[in-house]
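The values are calculated or read from the model by the stated rules, or taken from the named source; none is laboratory data. All figures in this text were calculated on a predicted structure; none of them were measured in a lab. No Cβ is skipped: glycine too gets one built from the backbone with ideal geometry, and neighbour counts run over all protein chains shown.
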Amino acid sequence: MKMTEEQIAQYKGVFVFAQQVDNQVSGIAYELLGKAKELAQPLNAQVTAVLIGSGVADLVDSLAQYGADRVIVVDDPELKEYRTEPYAHALSSVINEYKPEIVLVGATAIGRDLGPTVSARVATGLTADCTVLEIGDFPLVAIPGQEQKHNQLLMTRPAFGGNTIATIACPDNRPQMATVRPGVMQKIEPVAGAKAEVINYNPGFTPNNRYVTIKEVVKAVGDTVDIMDAKILVSGGRGVGSPENFKILEDLAKVLGGEVSCSRAVVDSGWKPKDLQVGQTGKTVRPHVYFAIGISGAIQHVAGMEESDIIIAINKDEDAPIFDVADYGIVGDLNKIVPQLTEALKKAIAEK
């Protein structure tokens, strides 16, 4: 239902759901706080982190150091582990009580569940998997006879399988909500000793038939690294040819102190696990150096790595789209080029 201008005017501030798991703040919370500070400036607004959990008060200072002016803490034993119902009740209660203009949620496994549930409860829209967030006018270009509203949250995301980019706004309802994939936004340099105003808020939790019971938590230790933390990534696509052929990429990564990643085609073929996938349906990465080897450069893949500092493409097809985004390109047979590159680097490192 469309809000009146008077109702909309009651909503102020940029709120971030500060996800924590096992009483450790997730990196996405810091990334969103960095973006929230940027969005808050033209609105002359305050940045608020919403911290939900049990026994999480000691996490407040880290949120302040990464940009939160205020932290609303919802602390209750019912919130020890993530469950949809109590967490949705907590966040929607905070929204109804404090009326934020903007709410940002990480598009993690938790956020993808929590964000849509909360947006439905507070009767607003939600734009998922945003890659760009900015404050501006909507419609983007003034249309005769139609009001152009200012200071709107413009939420940009890939659409139609990544073949186009859509910019979406929510001009008639508040809050304006978006989920953002980890790795897309950048955290600020932490400010040592920074403090935030702290508000302890508890709406009360009464278990009902929507509360699930967690019988057991099993934590599996994976043997794959988090490619989002890697400074150098050697990424392979379908053009590598086989899972066995990834050995030459692993050799290159080892020499450089980097990690191996891959495209969706490699995961779909069962050659590598999903955790190593870069792209729109994988992870967004920002390494110092990104090798795209045997990767054609479809827009879905490029969306996950185009912010890399240096992109080096190796592909036998000189017309491959990957060369359009690469800083350096080599046209040729990766089976010959990559081992030669590895040996040259080994020699150069040995001579240092």
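Of all the residues that make up the range 142-198, how many are under 11 Å from residue 130 (Cβ atoms) and aromatic (Phe, Trp, Tyr)?
So the count comes out to 0.
Being within 25 Å of residue 40 (Cβ to Cβ) and either part of a loop (DSSP other than H, G, I, E, B) or out of contact with any helix residue (DSSP H, G or I) (no Cβ under 8 Å at 6 or more places or on another chain) (or both) is the filter here; which residues of the range 51-61 pass it?
Of everything in the range 51-61, those that are within 25 Å of residue 40 (Cβ to Cβ) and either part of a loop (DSSP other than H, G, I, E, B) or out of contact with any helix residue (DSSP H, G or I) (no Cβ under 8 Å at 6 or more places or on another chain) (or both) turn out to be 56, 57, 59, 60, 61.
Could you list all residues from the range 321-352 that are hydrophobic (A, V, I, L, M, F, W, C) and either part of a helix (DSSP H, G or I) or at pLDDT below 95 (or both)?
322, 323, 325, 334, 337, 338, 341, 344, 345, 348, 349, 350
Given the structure, is residue 189 closer than 23 Å to residue 267 by Cβ and free of Cβ contacts under 8 Å to residues at least 12 places away in the same chain?
No; evaluated as a whole, the condition is false for this residue.
Which of (1) surrounded by fewer than 19 Cβ atoms within 10 Å (Cβ to Cβ); (2) part of a helix (DSSP H, G or I); (3) of a type in the set (A, V, I, L, M, F, W, C) is the odd one out, the single condition residue 110 does not satisfy?
The single condition residue 110 does not satisfy is (1).
When the residues of the range 309-327 are narrowed to those that are over 27 Å from the mean Cα position of the chain (by Cα) and of a type outside the set (A, V, I, L, M, F, W, C), which ends up surrounded by the most Cβ atoms within 10 Å (Cβ to Cβ)?
Checked the range 309-327; the qualifying residue surrounded by the most Cβ atoms within 10 Å (Cβ to Cβ) is 315.
Filter the range 65-94 for residues that are more than 18 Å from residue 111 (Cα to Cα), within 23 Å of the chain's Cα centre (by Cα) and not in a strand (DSSP E or B) and give the result.
Hits for the range 65-94 are 65, 66, 67, 68, 69.
Can you go through 292, 298, 253, 265 and tell me which one is farther than 22 Å from residue 28 by Cβ, of a type outside the set (D, E, K, R), touching a Ser or Thr at 6+ places or on another chain (Cβ under 6 Å) and buried (at least 20 other Cβ atoms within 10 Å of the Cβ)?
On inspection, the qualifying residue turns out to be 292.
Only one of 103, 56, 47 is more than 24 Å from residue 210 (Cβ to Cβ), aliphatic (A, V, I, L, M) and assigned by TED's automatic domain parsing to the domain that holds residue 196. Can you tell me which?
Of the residues listed, the single one that is more than 24 Å from residue 210 (Cβ to Cβ), aliphatic (A, V, I, L, M) and assigned by TED's automatic domain parsing to the domain that holds residue 196 is 47.
Matching residues to (1) in a strand (DSSP E or B); (2) modelled with pLDDT of 95 or more; (3) over 24 Å from the mean Cα position of the chain (by Cα):
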residue	(1), (2), (3)
154	yes, yes, no
167	yes, no, no
179	yes, yes, no
185	no, no, no
205	no, no, yes
208	no, no, yes
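Can you name every residue in the range 286-315 that is assigned to a loop (DSSP other than H, G, I, E, B) and in contact with an Asp or Glu (Cβ under 8 Å, 6 or more places away or on another chain)?
Listed by number, the residues that qualify are 286, 287, 288, 296, 297.
Right, residue 174: surrounded by 15 or more Cβ atoms within 10 Å (Cβ to Cβ), more than 24 Å from residue 60 (Cα to Cα) and either in contact (Cβ under 8 Å) with a residue 60 or more places away in the chain or not acidic (Asp, Glu) (or both) or not?
Considered against the rule, which asks whether it is surrounded by 15 or more Cβ atoms within 10 Å (Cβ to Cβ), more than 24 Å from residue 60 (Cα to Cα) and either in contact (Cβ under 8 Å) with a residue 60 or more places away in the chain or not acidic (Asp, Glu) (or both), residue 174 comes out as yes.
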